[in-house]
Amino acid sequence: MVKNQKGVSLVELIAAIPLTILVFVILTMAVSSFVTTYKETRLYLQLQDELYNMVDLIRHGYIDKNIEASEGLIGLMTANRVEISGGRNMMTLRPAIIAEGLPDAYKTTFYADSDGRLLVSGQYGLNSFQETQIFPSSNRKIGRELQFRLIDQDVFTVTQNSTYGPIMVKLHFKGQVRFREKEIGQNPLEDKKLNTRIVEYNTSVFVGNTKG
């Protein structure tokens, strides 16, 4: 006996091809969307981490490799004087006088520039370092802008009482990460929504060593 055998005709096979292509296209788009979302999420988390590390350096101080560890760090936690200038985008910290007769020989200045970077300069007695970049970690650009940058220059605010101390320093940082360039036809609002993400970081630091 010969059993009945079933198969797929050529017509049925040809008819199924468009459906197969459609499934393949949908799958490809889903994978592409997942990869894009993953990359953007990773960059967004990197922005958060870099802002946090930057604020931590401002709190505790930054020391250059050419400065001896025994000199100590000059940050908000050890500052004796806090001076805000440059339209609140520059902050100079001075510790308790380390060497007699050298009141200006020790200081650290944090400065937000027009490109959206945060720089630090330091003077430690006879040694110094100039405009070391602490944010962002790299100067990679997308188009004409840094991929990671500060988009608000009003970052340092000091509150002090009538006796000039102690004081509270408010830090306000708004960082932006750009995923891709602005496309032709996109308005600024669409560009901001589709191509960038923003992290806003606000904190206050009590400066207990301030003497005025």
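The values are calculated or read from the model by the stated rules, or taken from the named source; none is laboratory data. Just so we're clear, the structure is a prediction, and the values are computed from it rather than from any experiment. Heads up, the Cβs are rebuilt from the backbone with ideal geometry, glycines too, and the neighbour counts pull from every protein chain shown. The accessibility values were calculated without ligands, DNA or RNA, using every heavy atom of the protein model including side chains. Shrake-Rupley method; radii C 1.70, N 1.55, O 1.52, S 1.80 Å.
List of remarks:
- In region 147-160, of all residues being assigned to a loop (DSSP other than H, G, I, E, B) and open to solvent by 50 Å² or more (accessible area, probe 1.4 Å), the one that is modelled with the highest pLDDT corresponds to Ile151.
- Residue count for region 167-207, restricted to those that are touching a Gly at 6+ places or on another chain (Cβ under 9 Å) and small (Gly, Ala, Ser): 1
- Subset tally (residues that are open to solvent by less than 50 Å² (accessible area, probe 1.4 Å) and in contact (Cβ under 8 Å) with a residue 60 or more places away in the chain) for region 125-146: 5
- Residue ID - modelled with the highest pLDDT, chosen from residues in region 28-56 that are over 30 Å from Leu119 (Cα atoms) and among the aliphatic types (A, V, I, L, M): Met29
- Evaluation of Val25 against the conditions (1) open to solvent by less than 30 Å² (accessible area, probe 1.4 Å); (2) modelled with pLDDT under 90; (3) among the β-branched types (Val, Ile, Thr) shows that the sole unmet condition is (1).
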